[in-house]
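Following: one structure in structure tokens, then a few remarks.
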Amino acid sequence: MGKPDPEILAMMDLFSKLKKMKILLIDDDEWIRNSMILFFETEGCQLLALETAEEAIEALEQQHYDIIITDYRLPGMDGLQFLNRVQSLYPDALKMLITAYRSPEVVSAAIKAGIHDFIEKPFTSETIEDSLSRLIAVHEQK
């Protein structure tokens with residue numbers, strides 16, 4: 001038997017940590033929501049996927065989430081407006097912004113809204129894993 005692949009070990013460690021966390025996803029794209037649900041639930045993680053920021057605010061009034069992942073372009077309130085509203089309520093939550101519209105203005109506004117990382121569309125499961133691994137590592141060092 002050879003040594004275990006370090007990447008596989010890191011991924012197993014990531015999901016063992018994520019299983020103890022609650023994740024909230026807001027994206028109006030049904031395909032992305034369903035794909036992320038399948039991805040996280042296959043690993044035994046708790047994910048609530050919603051279509052709008054307004055639904056997410058209601059969910060956050062009912063329960064705390066450790067990780068908030070939101071799309072930038074949403075119907076009604078956009079992802080940055082949403083994060084600005086929840087930043088004071090959940091300053092410790094890890095926040096990620098999904099966007100196909102990354103610009104200096106969006107980056108600046110996102111930093112002010114407390115975003116910890118960006119995920120650019122199109123993205124893969126590896127993109128999500130890498131981002132979550134970095135965020136959790138930084139969060140654990142605090």
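All of the numbers you see were taken from the coordinates with simple rules; none came from a lab. Because the structure is predicted, anything quoted here is derived from the model rather than measured. As a convention, Cβ positions derive from the backbone with ideal geometry for all residues, glycine included, and neighbour counts pool all protein chains shown.
Students often forget the sequence filter, so: which lysines lie under 22 Å Cα-Cα from Lys121 once same-chain residues fewer than 8 apart are removed?
Correct list for Lys121: Lys95, Lys112.
If you build a Gaussian network model of the chain, linking Cα atoms that sit under 10 Å apart, which residue out of Gln81, Gln46, Gln63 swings the most?
Gln63
Once log10 I(q)/I(0) by the Debye sum over Cα atoms at q = 0.12 Å⁻¹ is worked out from the coordinates, which option in (i) -0.62; (ii) -0.51; (iii) -0.46 does it equal?
Identified label for the calculated read-out: (iii).
Return the calculated 222 nm mean residue ellipticity for the chain, to the nearest 500 deg cm²/dmol, obtained by summing -39500 (n - 2.57) across DSSP H runs with n ≥ 4 and dividing by the residue count.
Details: 6 runs with 71 residues, N = 142.
Value at 222 nm, helices only: -15500 deg cm²/dmol.
How far, in degrees from 0 to 90, does helix 125-141 lean away from the longest principal axis of the Cα atoms of the chain, to the nearest 10?
Approximately 90 degrees, to the nearest ten.
Give the angle, between 0 and 90 degrees and rounded to the nearest 10, that separates the Cα long axis of helix 30-42 from the longest principal axis of the Cα atoms of the chain.
With rounding to tens, the tilt is 30 degrees.
In region 28-124, with Lys and Arg counted as +1 and Asp and Glu as -1 at Cβ, which of these residues, Phe123, Cys45, Trp31, has the Cα nearest the positive end of the dipole, that is, farthest along it?
Of the listed residues, the answer is Phe123.
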